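Peer 1: One structure coming up, written as structure tokens, with questions to follow.
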Amino acid sequence: MSPPPESAWYPVARSDDAAFRHVHQAKLLGRELAVWRADDGFVNVWENRCLHRGVRLSVGMNEGMELKCLYHGWRYANRTGGCTYIPAHPADSPARTICNATFPALERYGLVWTCLDGDIDFAPVDLLEGGGSFPLRALPFAAPPELVRRHLPAGDDHAGEDGTPRWFVQPVDADACVVYGVLTDTPAPDRRIAVLRRHARRLEDLRAEVEEIAATLPRPAPLVAAMEQADVPVDIGGPARTVGGTDQRVVVARKWETAAEVVAFELAPIDEPLPTVQPGAHIDVRLPNGSTRQYSLTNPAGDQARYVIAVKREPDSRGGSIHLHDEVHEGDELVISAPRNNFGLRRDAVETTLIAGGIGITPLLSMAETLAADGLPFVLHCFVRSADHLCFSERLDGLGDAVVRHIGLDPAGTAAQIRRALGAHRVARHVYICGPGPMLDAARRVAGEIGWPDEAVHFEYFANPNEIDRSNGFEISLARSGLTLEVPAGQSILEVLRANGVGLISSCEQGACGTCIVDVIDGDPIHHDVFLNATERAAGDRIVTCVSRSASGRLVLDL
Amino acid sequence: MDASDQRCTDPTVLDLWHPLVAVSEMATDNVERTLLLGFEIMYGTDRDGTRFAVRVDEPDEALPVLDRHGYLWTSLGAPPADVFTIPETAEPDRRTLNAASIKVATSAPRAIENFLDMGHFPYVHTDYLGVEPHTEVAEYRVEIENDELWARDCFFYQPMAAASAVGGQLSEYTYRVPHPYCVMLYKSSPTDPSRSDVIGLFVQAMTQDTIRAHNFLSVIDETSSDTVLRRFQQIIFSQDKPILENQFPTRLPLDPRVETPIRADRSAIVYRRWLTELGLAYAVIPAG
Ligand SMILES: [Fe+2]
């Protein structure tokens, strides 16, 4: 028995059909495909259907590193097809499970190839591997692919001084296909037009002949491709909860000193492509000594062939940074978590202000480059001790006038510059702040003083500077599962949940990243985290379970 | 066109009233042909002014007809006593007209869902019903009441909400779906904010995959000409048409896992559930 047609590789376009900033529509075995080249050169082959409302992605916009659906402006990342932004809910980070169906793609011999069954390797065509191959004009045939294949010239027919043509058939549907020819050698420039013309004429003659035969045959039923189902539970109650992904191995492809006391790591995938990046996201890095550290990704949306993180040497810290600086080298393997985004970027601001202190530049660089790619107005303020402490200065230079460098200011000078950078709040202006605790506290205080509302001030702490008082005990009751548990002094809610088999995703476990947040149905939380803002704290309807506790004897959680 | 394999056998749909044509566009002593639910229909006005409709394959059996809201309605089954009412149209100073009847290669429920959707305004109706960066869809309420779907408290920033609008405004919409293939919206009239303009889309399902969309308009506007009022609706609908014709599958999937609804799609989610509860099977892909 012959293998199913889905398990073979077929050409679906010529490489030049996949022009930059264009989306090409193709069809293979009854399935429509959107073929688009990202600005990093990668060619994407996706099912031609936005998984939101089924609109063809081929009528969407190739924004360079993201594909934007025409209907609701949803954005999907280059390479993974993961959703990076949903404009109807600008403050939410799209769930990782919102991902378009993608197919493996590669370019060979001037053609774009794909395979609908992703587990098959591409078999190279030996004659064309020399490197000098030359694609001919592609020609659609209104005839069954099998019939066309039988009539294509075999072997070295049509061979000539300009090379031997190899023919490939893209089975479009039961009664339609496209024939691609590739010459083994590239003709001399002055011969090219004549060669193209000669082969085109022969192929057109063949088409006339085959279509005449096809017209006498019964018309085959069209192929029906199964629709990929969205992998998303319907939950319209609130923002999609961050769901856990699996860890994966990466290799340190590059390690370099990007600023004084800061090394950058470029992490390349080993087994699987890296998951979708949203601006502001962080990953957990599992160190060989058993500890875990959080680092923000500097990658802008859609640029995710390799993750880039930066690590500051912190002599007083728990040792993770020292280990990464001194013990991890290019070629070494690390294990990382899938990205999590608790510091999402709205792309509906009239103006965005980004304020970075030192190494706090990392998530803001990802935001700045995303905003720059989208053509949205922003200013990135970088506060550093000295010019040597500016990370990624080449990338900052690439952002031109949008970057303002503040070098060597004392705390009073920093606060004054932040006040100036913020200015009076106007509708649809947002500020994102990341940096050391004291600077972040100062920036939030200044923003409050000059009338910025909490919902326009977004921040991410590296670490929680608060002294956490774990001396009281209380009871938690889980509304959905009906469990009631005792949280004794000295233990966190998260620890008690885990010990009782209630799995909850966490990351920093010190109240900074917000990953382990849970909705509170009843009770009075005492907030020890630095994730929630004043308005959210006052509302008392959410709690960061790794550090926060209860003032009431009982907390009812939505678990 | 051979529509015999498109012929409706779904009693839920056969028993509904369906719009055929704007009566203002009917000539006396004339017969026209159209498609409804896969059946060829002849309709017209007798010499004595009586409206009629028949199936071409059963020319001796007169179909029931009604003249409501400016359209001629018929049914291929056992319809209810009347078409849904629109009380506002009784107001004497209101102008009620058909803005356009436009053929679209889509299914009736896809057209209804698009009409209920605010999230696409900045992208599809740029500078009219929406504009970036005002893309957020705030929470709104959706209920089924008296066998109709109502969506209330729908707020959206609109740069040019109507033909008579000057400058941007935060519009409040109320949506009403009184019939599986008919939808209306109420929004405060720019010329008299205490009252509502009513805009409707009454869909004639020609087949499962083709429709004629009758754009109904009932507004309080003393100054704009009929042409200006019509042109505004025609521009809006012509922006929706290419989107509707590029949706796959054409028929509305009722299984919630086939597409990815978000909070902004609450009305669509309830609409799909409602169709499932009605047991409606024509022009949809029923939940498996
Ligand atoms: Fe629309």
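The values are calculated or read from the model by the stated rules, or taken from the named source; none is laboratory data. This structure is a prediction, so every number in the text was calculated from the model and none was measured. We place every Cβ from the backbone using ideal geometry, glycine too, and count neighbours over all the protein chains shown. Side chains included, ligands, DNA and RNA excluded: accessible areas come from the protein's heavy atoms. Shrake-Rupley method; radii C 1.70, N 1.55, O 1.52, S 1.80 Å.
Peer 1: Look at the stretch B:1-53 and say how many of its residues are open to solvent by less than 50 Å² (accessible area, probe 1.4 Å), of a type in the set (S, T, N, Q) and over 17 Å from B:A283 (Cα atoms).
Peer 2: Residues meeting the conditions: 2.
Peer 1: Any chance the stretch A:193-201 includes a residue that's farther than 30 Å from B:V258 by Cβ, within 38 Å of the chain's Cα centre (by Cα) and of a type outside the set (A, V, I, L, M, F, W, C)?
Peer 2: No, the conditions are met nowhere in the stretch A:193-201.
Peer 1: Can you name every residue in the stretch B:119-158 that is out of contact with any helix residue (DSSP H, G or I) (no Cβ under 8 Å at 6 or more places or on another chain) and within 13 Å of the ligand (Cβ to nearest atom)?
Peer 2: Across the stretch B:119-158, the qualifying residues are B:F121, B:P122, B:Y123, B:T126.
Peer 1: Right, next: Here is a list: B:Y123, B:Y157. Which entry is in contact with a Gly (Cβ under 9 Å, 6 or more places away or on another chain), assigned to a strand (DSSP E or B), open to solvent by 30 Å² or more (accessible area, probe 1.4 Å) and not hydrophobic (A, V, I, L, M, F, W, C)? Give the steps one after another, and end with the answer.
Peer 2: Working: B:Y123 fails: assigned to a strand (DSSP E or B).
Being in contact with a Gly (Cβ under 9 Å, 6 or more places away or on another chain), assigned to a strand (DSSP E or B), open to solvent by 30 Å² or more (accessible area, probe 1.4 Å) and not hydrophobic (A, V, I, L, M, F, W, C) holds for just one of B:Y123, B:Y157, which is B:Y157.
Peer 1: Conditions first: (1) within 16 Å of the ligand (Cβ to nearest atom); (2) in contact (Cβ under 8 Å) with a residue 24 or more places away in the chain. B:D209 passes all but one, so which condition is the exception?
Peer 2: It is condition (1) that B:D209 fails.
Peer 1: Does A:E266 meet the test of being of a type outside the set (V, I, T), open to solvent by 60 Å² or more (accessible area, probe 1.4 Å) and modelled with pLDDT of 95 or more? Before you say what the answer is, go through the steps one by one.
Peer 2: Numbers: of a type outside the set (V, I, T): yes; open to solvent by 60 Å² or more (accessible area, probe 1.4 Å): no; modelled with pLDDT of 95 or more: yes.
So A:E266 does not fit the description; no.
Peer 1: I would also like to ask the following. Please go through the stretch B:57-103 and pick out each residue that is of a type in the set (G, A, S) and within 21 Å of B:L229 (Cβ to Cβ). Reasoning before the result, please.
Peer 2: First, pick out the residues of the stretch B:57-103 that are of a type in the set (G, A, S): B:62, B:70, B:75, B:77-78, B:81, B:90, B:99-101.
Listed by number, the residues that qualify are B:G70, B:A90, B:A99, B:A100, B:S101.
Peer 1: What number of residues within the stretch A:245-263 are touching a helix residue (DSSP H, G or I) at 6+ places or on another chain (Cβ under 7 Å) and open to solvent by 40 Å² or more (accessible area, probe 1.4 Å)?
Peer 2: Adding up the residues that qualify gives 0.
Peer 1: So, A:A159, is that one modelled with pLDDT of 90 or more and either open to solvent by 20 Å² or more (accessible area, probe 1.4 Å) or polar (S, T, N, Q) (or both) or not?
Peer 2: Considered against the rule, which asks whether it is modelled with pLDDT of 90 or more and either open to solvent by 20 Å² or more (accessible area, probe 1.4 Å) or polar (S, T, N, Q) (or both), A:A159 comes out as no.
Peer 1: Do the conditions hold for A:P135, that is, is it touching a Phe, Trp or Tyr at 6+ places or on another chain (Cβ under 8 Å), assigned by TED's automatic domain parsing to the domain that holds A:R31 and buried (at least 17 other Cβ atoms within 10 Å of the Cβ)? Walk me through it before giving the result.
Peer 2: Values: touching a Phe, Trp or Tyr at 6+ places or on another chain (Cβ under 8 Å): yes; assigned by TED's automatic domain parsing to the domain that holds A:R31: no; buried (at least 17 other Cβ atoms within 10 Å of the Cβ): yes.
No, not satisfied.
Peer 1: Report, by residue number, each residue of the stretch B:105-136 that is more than 9 Å from every other protein chain (Cβ to nearest Cβ) and under 12 Å from the mean Cα position of the chain (by Cα). So that I can check it myself, show each step before the final result.
Peer 2: Quick first cut of the stretch B:105-136, residues more than 9 Å from every other protein chain (Cβ to nearest Cβ) only: B:105-109, B:111-112, B:115-116, B:121, B:125-131.
B:S107, B:A108, B:P109, B:A111, B:I112, B:F115, B:L116 - these are the residues of the stretch B:105-136 that are more than 9 Å from every other protein chain (Cβ to nearest Cβ) and under 12 Å from the mean Cα position of the chain (by Cα).
Peer 1: If the requirement is being farther than 22 Å from B:R231 by Cβ, part of a loop (DSSP other than H, G, I, E, B) and open to solvent by 30 Å² or more (accessible area, probe 1.4 Å), which of these qualifies: B:E136, B:E143, B:E172?
Peer 2: Numbers: B:E143 fails: part of a loop (DSSP other than H, G, I, E, B); B:E172 fails: part of a loop (DSSP other than H, G, I, E, B).
From the options B:E136, B:E143, B:E172, the qualifying one is B:E136.
Peer 1: Hey, among the residues in the stretch B:89-118 that are of a type in the set (D, E, K, R) and outside any helix (DSSP H, G or I), which one's nearest to the ligand (Cβ to nearest atom)?
Peer 2: Checked the stretch B:89-118; the qualifying residue nearest to the ligand (Cβ to nearest atom) is B:D117.
Peer 1: Looking at the stretch A:82-128 only, could you name the residues that are open to solvent by 50 Å² or more (accessible area, probe 1.4 Å) and within 12 Å of another protein chain (Cβ to nearest Cβ)?
Peer 2: A:A91, A:C99
Peer 1: Looking only at the stretch B:232-278, filter to residues that are within 16 Å of the ligand (Cβ to nearest atom) and open to solvent by 40 Å² or more (accessible area, probe 1.4 Å); which one of those is farthest from the other protein chains (Cβ to nearest Cβ)?
Peer 2: Among those that are within 16 Å of the ligand (Cβ to nearest atom) and open to solvent by 40 Å² or more (accessible area, probe 1.4 Å), it is B:Q234.
Peer 1: Still on this structure: When you scan the stretch A:1-31, how many residues do you find that are among the hydroxyl-bearing types (S, T, Y) and assigned to a strand (DSSP E or B)?
Peer 2: Qualifying residue count, the stretch A:1-31: 1.
Peer 1: Just checking, which of B:L63, B:L72 is open to solvent by less than 50 Å² (accessible area, probe 1.4 Å) and either in the same structural domain as B:S101 (by TED's automatic domain parsing) or within 18 Å of B:R212 (Cα to Cα) (or both)?
Peer 2: B:L72
One line per residue, one yes/no per condition, for (1) within 23 Å of A:C115 (Cα to Cα); (2) touching a strand residue (DSSP E or B) at 6+ places or on another chain (Cβ under 7 Å):
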| site | (1), (2) |
| --- | --- |
| A:L51 | yes, no |
| A:E66 | yes, yes |
| A:C69 | no, yes |
| A:C83 | yes, yes |
| A:H89 | no, no |
| A:P94 | no, yes |
